[in-house]
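Please read the structure below before turning to the comments.
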Amino acid sequence: MEKFDVLVVGAGTAGCLAAKTAAEKGLKVCIIDSKNKENIGAKICGDALGEHHLKTLGLEKPKGDELEKKIEGVQIFSPDLNTVFTIEDKDFVGYILNRRLFGQWLLNKAIDKGALLMESTQFLEPVFDGGFVVGGKVKSAGKTIQLMSKVVVDASGFAGAVRQKLPNEMGIENKIENEDVEACYREIRQLKQEDENTKYCEIYLNSEVTPGGYTWIFPKRGAKVNVGLGICMRGKFPNPKKQLYKHILSKPQFEGSLLLSGGAWWDPTRRPLDNMVGNGVILTGDAASLVNPIHGGGIGPSMLSGFFAGKKIAEALENGEPTQSSLWGYNRMYMDSYGKKQASLDIFRMFLISSNDEDLNYGMNYKLVTENDVLKASMGDEFHLNVTEAATRVFRGRKRLGFLRKLKTTIDMMRQVRVHYDVYPNAPEDFEAWRLKTVELIELGKKKLL
């Protein structure tokens, strides 16, 4: 029976960063993944990564074949297509990636630091001892084996292979509600000719086509595009693939285009799990719902979570046992750096879900919602309406006073959530009171906005 310091379940962006960071600290690390090595990194997603995430992690910019296109910003189209918000900011400069090659790039970094990869290996269930996760049962080469470790990292993605099998006593949410998930479908298509504008990622709002979500068209190298859409899984929702073919791929832009690849997946678009650690276990990436609730981007936050996880695990093991208390700082690190932004955007997501196309058209056309609002909201920054600006907007929005009131409520609620996350507890003993307040705030947001 082989023993490790760290067992990482999943060799995605979060898992590779966790493994690399822990191995750099001299820990014995094993990564398992259900794919064979050459296919690790291949994933159905939007393929976009903000440059600022790489700077935060101290990673060099992609410059090889893993880079498809440099992006200078985002363009957001109103439902009637009459208004386009162009968002250009340092936090919106980034890259469209070759997802498989980028994943290989990260995997090799982890392996180069000493992490062991077990490819084509399926995680079956955690192993428990005395209230601690102490390893996992896995299936490899047709055999079920047990791998022992001091800490298990769930980096298995939305499925949460470890998370779903943790006991309630761990204090970690097992289930993600459908209303907090987007069903997505996307294709990589070869166009007959490259679009004139390939500087921006394009996002299209339309509640008829993508209720609770949006359509995206992201440029790739050589007249290729990543085109897809996400739909909130609230109530009876339409099939995303059928919506893409009916409303998007039928446009002249895609006439004569060639399908290169396609597929579906699920995106958890909510606040982070309130707690992501237990005795001997840490959750990272999509397994912990670490996805931007507005644009669904998860590569950057997942890498950040993996980095924090590896760092905190090394610290905990150096000082003693990997108890929930000794790993708790991971929660605080993530919440302070990205989690409070993500939680406030959960409120802004409610605002968008509850705004119909008529409101959004009027709001964007008459600047009831401005580019600066969208920029600040998407970055999780605090923003407000001063008296003069509010009066101007009321004048412009005399036909949409309800929409303006909802915007003001959204801004106030986002501020309350940020203030609440600023006092995320420093120890598990204070967690339950904080969690109950979190639930209260989120439910209040739903009551006022949805």
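The values are calculated or read from the model by the stated rules, or taken from the named source; none is laboratory data. Small disclaimer: the values here were computed from a predicted structure and weren't measured. Cβ atoms come from the backbone with ideal geometry, glycine included; neighbour counts cover every protein chain shown.
At a glance:
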| quantity | calculated |
| --- | --- |
| Neighbours by Cβ (under 8 Å, 6+ apart or cross-chain): first from the stretch 307-321, at negative phi and surrounded by 24 or more Cβ atoms within 10 Å (Cβ to Cβ); second acidic (Asp, Glu) and at pLDDT 95 or above | Gly310/Glu24; Ile313/Asp5 |
| So Asp129, is it closer than 28 Å to Ala18 by Cα and of a type outside the set (Val, Ile, Thr) | yes |
| Residue ID - nearest to the chain's Cα centre (by Cα), chosen from residues in the stretch 155-193 that are of a type in the set (A, V, I, L, M) and farther than 22 Å from Ile32 by Cα | Val181 |
| Count of the stretch 208-226 residues which are over 16 Å from Trp266 (Cα atoms) and crowded, with 20+ Cβ neighbours inside 10 Å | 8 |
| Residue that is outside the structural domain of Leu205 (by TED's automatic domain parsing) and in contact with a strand residue (DSSP E or B) (Cβ under 8 Å, 6 or more places away or on another chain), where the choices are Lys35, Lys137, Lys55 | Lys137 |
| Hits in the stretch 108-165 - residues which are at positive phi and hydroxyl-bearing (Ser, Thr, Tyr) | Ser120 |
| Top-ranked residue in the stretch 219-249 [being of a type in the set (D, E, K, R) and outside any loop (DSSP other than H, G, I, E, B); ranked as nearest to the chain's Cα centre (by Cα)] | Lys241 |
| 1 or more residues of a type in the set (Ser, Thr, Tyr): qualifying strands (runs of 3 or more DSSP E) within the stretch 97-175 | 121-129, 132-140, 143-154 |
| Sole exception among (1) under 19 Å from Val74 (Cβ atoms); (2) touching a helix residue (DSSP H, G or I) at 6+ places or on another chain (Cβ under 7 Å); (3) in a strand (DSSP E or B) for Trp216, by number | (2) |
| Near pairs, Cβ below 8 angstrom, 6+ apart or cross-chain, from the stretch 382-405 (within 15 Å of Tyr366 (Cβ to Cβ) and of a type in the set (Lys, Arg)) to any residue that is modelled with pLDDT under 80 and not in a helix (DSSP H, G or I) | Arg393/Leu385 |
| Filter pass, Lys408 being assigned to a loop (DSSP other than H, G, I, E, B), modelled with pLDDT under 95 and of a type outside the set (A, V, I, L, M) | no |
| Options Met233, Met276: the member that is farther than 30 Å from Asp430 by Cα and in contact with a helix residue (DSSP H, G or I) (Cβ under 7 Å, 6 or more places away or on another chain) | Met233 |
| Residue satisfying condition, being free of Cβ contacts under 8 Å to residues at least 24 places away in the same chain and closer than 30 Å to Leu317 by Cβ, within set Gly58, Gly103, Gly41, Gly12 | Gly58 |
| Selected residue (criterion: surrounded by the fewest Cβ atoms within 10 Å (Cβ to Cβ)) from residues of the stretch 49-90 that are of a type in the set (Lys, Arg) and assigned to a loop (DSSP other than H, G, I, E, B) | Lys63 |
| Failed item, numbered, when Gly306 is tested on (1) farther than 21 Å from Gly171 by Cα; (2) at pLDDT 95 or above | (1) |
| Filtered residues of the stretch 414-437 (kept if assigned to a helix (DSSP H, G or I) and in contact with a helix residue (DSSP H, G or I) (Cβ under 7 Å, 6 or more places away or on another chain)) | Met414, Gln416, Val417, Arg418, His420, Tyr421, Pro428, Lys437 |
| Unique match (being modelled with pLDDT of 95 or more and in a loop (DSSP other than H, G, I, E, B)) among Asp286, Asp274 | Asp274 |
| Residues of the stretch 333-375 that turn out to be closer than 17 Å to Thr210 by Cα, of a type outside the set (A, V, I, L, M, F, W, C) and under 18 Å from the mean Cα position of the chain (by Cα), as a count | 1 |
| From the options Lys340, Lys376, residue that is free of Cβ contacts under 8 Å to residues at least 12 places away in the same chain, in a helix (DSSP H, G or I), crowded, with 16+ Cβ neighbours inside 10 Å and of a type outside the set (Gly, Ala, Ser) | Lys376 |
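Listed here are the residues, each with its yes/no results for (1) farther than 30 Å from Leu375 by Cα; (2) among the polar types (S, T, N, Q); (3) without any contact (Cβ under 8 Å) to a residue 12 or more places away in the chain.
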residue	(1), (2), (3)
Asn108	yes, yes, yes
Gly114	yes, no, no
Leu117	yes, no, no
Glu125	yes, no, no
Gly136	yes, no, no
Leu147	yes, no, no
Asp195	no, no, no
